[in-house]
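This report refers to the structure that appears directly beneath it.
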Amino acid sequence: MAQPHRHLGVDIGLSGLIKWIRYPAVNSETAGLDVVTSVADRFDGAFAHQLLRDCLVLLDSPLSSRDIEVLWLAGTFRAFDLERLGIDGRVWLRRIADICTDRIRRTDPSFTPDAAATAADEALKEAVRAEIRSVGPALEQATAHHSYSPLPGVVPALYRAADVDADLGFRLLLRAVKGYFVPISEARYERYLALGAGLGLGEDVVDDTDFNIWPDVTD
């Protein structure tokens with residue numbers, strides 16, 4: 001997909017949709033699809049390109065429906081609860097992809113989705129995996145052991161996403177950390193900014209003001 005769609009001044013793609021669908025809580029599939037349609041239309045339809053790309057990356061990957069559901073639930077803090085609504089994760093991504101394709105064709109009627117190229121740089125993948133390992137214990141505590149919204153399996157699902165695509169894996173990591181309001185250190189925050197820059201992400205993608213940064217937290 002074209003690079004300008006990655007620099008919109010906001011979080012992009014699937015991680016951006018997860019942020020926008022979280023406020024306020026969305027309690028039906030119809031309402032969820034309405035949000036997807038609205039988000040895909042943002043920036044005169046430019047948002048739809050990266051969102052479609054992210055969906056195709058996961059749909060073409062070995063990630064299970066449950067992996068996808070867990071990553072979605074972690075980022076949204078169950079504000080749109082696929083599990084409660086009985087929506088299969090892969091089915092949900094396909095519906096998002098169809099909406100994005102329809103929106104892009106409003107501008108380019110000849111558009112045909114291609115297989116999404118993934119970020120194959122092994123050094124970047126390892127850098128994302130290292131950040132998952134580093135924050136993993138705190139994220140596991142926040143998700144699997146949450147007092148009223150427990151969600152096991154987030155960290156393993158993030159590893160699998162990062163193995164598929166460093167860029168999307170990193171953005172889903174950030175959304176999970178933000179979704180469950182995991183405290184992070186200033187040093188970790190600075191590493192996130194640097195890694196985002198290495199992945200070609202704008203600072204507005206990494207820091208959308210949702211982090212829970214504490215000066216006394218250590219890595």
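What the table shows:
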| item | result |
| --- | --- |
| One residue from Gly179, Gly202 being touching a Ser or Thr at 6+ places or on another chain (Cβ under 7 Å) and modelled with pLDDT under 95 | Gly179 |
| Subset of the stretch 176-200 [in a loop (DSSP other than H, G, I, E, B), aromatic (Phe, Trp, Tyr) and on the phi < 0 side of the Ramachandran plot] | Tyr180 |
| Single residue of Gly198, Gly202 found to be within 16 Å of the chain's Cα centre (by Cα), in contact (Cβ under 8 Å) with a residue 60 or more places away in the chain and open to solvent by less than 70 Å² (accessible area, probe 1.4 Å) | Gly202 |
| Options Gly169, Gly153, Gly136: the member that is of a type outside the set (Asp, Glu), closer than 25 Å to Asp204 by Cβ and touching a residue at least 12 places away in the same chain (Cβ under 8 Å) | Gly169 |
| Yes/no for Ile96 being surrounded by 21 or more Cβ atoms within 10 Å (Cβ to Cβ) and of a type in the set (A, V, I, L, M, F, W, C) | yes |
| Residue list for the stretch 10-66, restricted to those being closer than 16 Å to Arg95 by Cα, open to solvent by 20 Å² or more (accessible area, probe 1.4 Å) and touching a residue at least 60 places away in the same chain (Cβ under 8 Å) | Leu33, Thr37, Asp41, Arg53 |
| Of residues in the stretch 30-56 being in contact with a Leu (Cβ under 7 Å, 6 or more places away or on another chain) and assigned to a helix (DSSP H, G or I), the one nearest to Arg171 (Cα to Cα) | Asp54 |
| Residue check, Asp219 in contact with a helix residue (DSSP H, G or I) (Cβ under 9 Å, 6 or more places away or on another chain), loosely packed, with under 14 Cβ neighbours inside 10 Å and more than 25 Å from Glu83 (Cα to Cα) | yes |
| Criterion violated by Asp208 - all others in (1) charged (D, E, K, R); (2) in a helix (DSSP H, G or I); (3) surrounded by 16 or more Cβ atoms within 10 Å (Cβ to Cβ) satisfied | (2) |
| Test: residue in the stretch 111-123 that is part of a helix (DSSP H, G or I), under 22 Å from Val164 (Cα atoms) and under 18 Å from the mean Cα position of the chain (by Cα) | no |
| Contacts under 6 angstrom Cβ, first residue in the stretch 90-110 being farther than 11 Å from Leu56 by Cβ, partner among the polar types (S, T, N, Q) and part of a helix (DSSP H, G or I), 6 or more apart | Arg90/Ser65; Ile99/Thr37 |
| Among (1) more than 26 Å from Gly202 (Cβ to Cβ); (2) open to solvent by less than 50 Å² (accessible area, probe 1.4 Å), the one test that Arg84 misses | (2) |
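The values are calculated or read from the model by the stated rules, or taken from the named source; none is laboratory data. Just so it is clear, the structure is predicted and the values come from calculations on it, not from any experiment. Note that we place each Cβ from the backbone using ideal geometry, even for glycine, and neighbour counts take in every protein chain shown. Keep in mind that these areas ignore ligands, DNA and RNA; they rest on the heavy atoms of the full protein, side chains included. Shrake-Rupley method; radii C 1.70, N 1.55, O 1.52, S 1.80 Å.
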